[in-house]
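Student: Quick one: the structure is below, questions incoming.
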Amino acid sequence: MTRPRIAVLSGSGLSAESGLPTFRDAAGLWKQYSWMELASPEGWRKHPQLVLDFYNERRAKAWSAQPNAAHLAIAELERHGDVVVITQNVDNLHERAGSTRVLHLHGELAFARGTGPSRHRVRIDGASIEMGQKCAEGTQLRPDIVWFGEETQHMDEAREQVTAADRVLVVGTSLSVYPAAGLVEFARPGAEKVLNVLEMGEVPAGFEFLAGPATRVIPQVVARWSAAHR
Ligand code: APR
């Protein structure tokens, strides 16, 4: 039996049980803070120190967090199929769980970049970014995160992967931010499609909706798909 192609589309709900906040749930980041102030080019121009503090704190939290059973189950899927993880998350819990093909649509906390035309990218892992820290081109470093109004990364490859997938697993995202949310529309009619969040208004067409915590639901889906491959 040929190895199935599997596309996993993940969001912040996947990392919630690792202790990292989501964005729009009751205790979500955008319930506590203003995304216009902290996650937009305008906010960066107005008060860069505030933005650096926000992401330095998020980076420190992400670095002290651990991959949970859902991250580990998704990594395990690579034994039973050709898996690509397409994540909106900026933490590195997928990679730390063992996933080897991860596309970060909204950037990564592990990197900083210059603010000049070359957008010079620097790996910083869990370190903080300070005002006055410059890239090789001499411009102030900023978090390598896609802010509102900026271009989402890897979208062409992500569309290709979802279109080609035999199985599509969507986990921990409210599907409210585009163009990432629009990826579900590229899942083929014949593909097996599963969506796992705590609650969802309109479930995208053709998706089996499994409500509940990812650490309970995702290992079950992976067990089901692994059994199907034996
Ligand atoms: N298990 C499964 N799903 C969960 C869990 C859990 N333990 N906890 C929360 N969820 C689900 C919620 O039901 C919700 O549908 O995760 C989703 C979180 O949705 P959002 O807070 O909107 O986060 P996300 O979809 O990742 O946001 C997308 O918005 O702010 C931008 O760039 C940011 O990448 C982010 C994008």
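The values are calculated or read from the model by the stated rules, or taken from the named source; none is laboratory data. Because the structure is a prediction, the values reported are computed rather than measured. Ideal geometry is used to build each Cβ from the backbone, glycine not excepted, and the neighbour counts take in all protein chains shown. To get the accessible areas, we keep the full protein, side chains included, count just its heavy atoms, and leave off ligands, DNA and RNA. Shrake-Rupley method; radii C 1.70, N 1.55, O 1.52, S 1.80 Å.
Student: At pLDDT 95 or above and within 15 Å of the chain's Cα centre (by Cα): which single residue out of VAL194, VAL170, VAL221, VAL217 fits that description? Steps first, please.
Tutor: Working: VAL194 fails: within 15 Å of the chain's Cα centre (by Cα); VAL221 fails: within 15 Å of the chain's Cα centre (by Cα); VAL217 fails: within 15 Å of the chain's Cα centre (by Cα).
The conditions single out VAL170.
Student: Could I ask something else about it? When the residues of region 171-230 are filtered to those that are touching a Leu at 6+ places or on another chain (Cβ under 9 Å), part of a helix (DSSP H, G or I) and more than 13 Å from the ligand (Cβ to nearest atom), which remaining residue is nearest to VAL90 (Cα to Cα)?
Tutor: The residue in question is VAL222.
Student: Take the residues in region 150-161 that are more than 16 Å from the ligand (Cβ to nearest atom) and in contact (Cβ under 8 Å) with a residue 24 or more places away in the chain; name whichever of them is surrounded by the fewest Cβ atoms within 10 Å (Cβ to Cβ).
Tutor: Within region 150-161, the first condition is being more than 16 Å from the ligand (Cβ to nearest atom), and the residues that meet it are 156-157, 159-161.
If we keep only those that are in contact (Cβ under 8 Å) with a residue 24 or more places away in the chain as well, we get 157, 159, 161.
Numbers: GLU157: 12, ARG159: 16, GLN161: 25.
Ranking the qualifying residues of region 150-161, first place goes to GLU157.
Student: Is it true that some residue in region 136-149 is within 12 Å of the ligand (Cβ to nearest atom) and in contact with a Pro (Cβ under 7 Å, 6 or more places away or on another chain)?
Tutor: yes
Student: Is at least one residue of region 98-110 without any contact (Cβ under 8 Å) to a residue 40 or more places away in the chain, closer than 17 Å to LEU52 by Cβ and open to solvent by 10 Å² or more (accessible area, probe 1.4 Å)?
Tutor: Yes, region 98-110 contains at least one residue that is without any contact (Cβ under 8 Å) to a residue 40 or more places away in the chain, closer than 17 Å to LEU52 by Cβ and open to solvent by 10 Å² or more (accessible area, probe 1.4 Å).
Student: Only one of (1) aliphatic (A, V, I, L, M); (2) surrounded by fewer than 14 Cβ atoms within 10 Å (Cβ to Cβ); (3) free of Cβ contacts under 8 Å to residues at least 24 places away in the same chain fails for ALA181. Which number is that?
Tutor: Every listed condition holds for ALA181 apart from (2).
Student: Take the residues in region 22-52 that are open to solvent by less than 30 Å² (accessible area, probe 1.4 Å) and in a helix (DSSP H, G or I), then tell me which one is nearest to the ligand (Cβ to nearest atom). So that I can check it myself, show each step before the final result.
Tutor: Within region 22-52, the first condition is being open to solvent by less than 30 Å² (accessible area, probe 1.4 Å), and the residues that meet it are 22, 28-29, 38-41, 43, 51-52.
Next, from what is left, pick out any that are in a helix (DSSP H, G or I): 29, 38, 41, 43, 51-52.
On the way: LEU29: 7, LEU38: 10, PRO41: 14, GLY43: 13, VAL51: 14, LEU52: 18 Å.
Only one residue tops the list, namely LEU29.
Student: Could you list all residues from region 100-158 that are farther than 19 Å from TRP63 by Cα and among the polar types (S, T, N, Q)?
Tutor: If the condition is that a residue be farther than 19 Å from TRP63 by Cα and among the polar types (S, T, N, Q), then THR115, SER118, GLN133, THR139, GLN140, THR152, GLN153 are the ones that fit.
Student: From the list ILE74, ILE6, ILE86, exactly one residue is more than 16 Å from the ligand (Cβ to nearest atom), buried (at least 21 other Cβ atoms within 10 Å of the Cβ) and under 17 Å from the mean Cα position of the chain (by Cα). Which is it? Lay out the reasoning, then the answer.
Tutor: Details: ILE74 fails: more than 16 Å from the ligand (Cβ to nearest atom); ILE86 fails: more than 16 Å from the ligand (Cβ to nearest atom).
Result: ILE6 is the single residue among ILE74, ILE6, ILE86 that is more than 16 Å from the ligand (Cβ to nearest atom), buried (at least 21 other Cβ atoms within 10 Å of the Cβ) and under 17 Å from the mean Cα position of the chain (by Cα).
Student: Tell me, yes or no, whether region 94-105 has at least one residue that is within 16 Å of the ligand (Cβ to nearest atom), farther than 21 Å from LEU72 by Cβ and in contact with a strand residue (DSSP E or B) (Cβ under 9 Å, 6 or more places away or on another chain).
Tutor: Restricting attention to region 94-105, the residues satisfying the condition of being within 16 Å of the ligand (Cβ to nearest atom) are 94, 97, 102-105.
Filter again for farther than 21 Å from LEU72 by Cβ, leaving 105.
Cutting the leftovers down to in contact with a strand residue (DSSP E or B) (Cβ under 9 Å, 6 or more places away or on another chain) gives us 105.
Yes, that holds for at least one residue.
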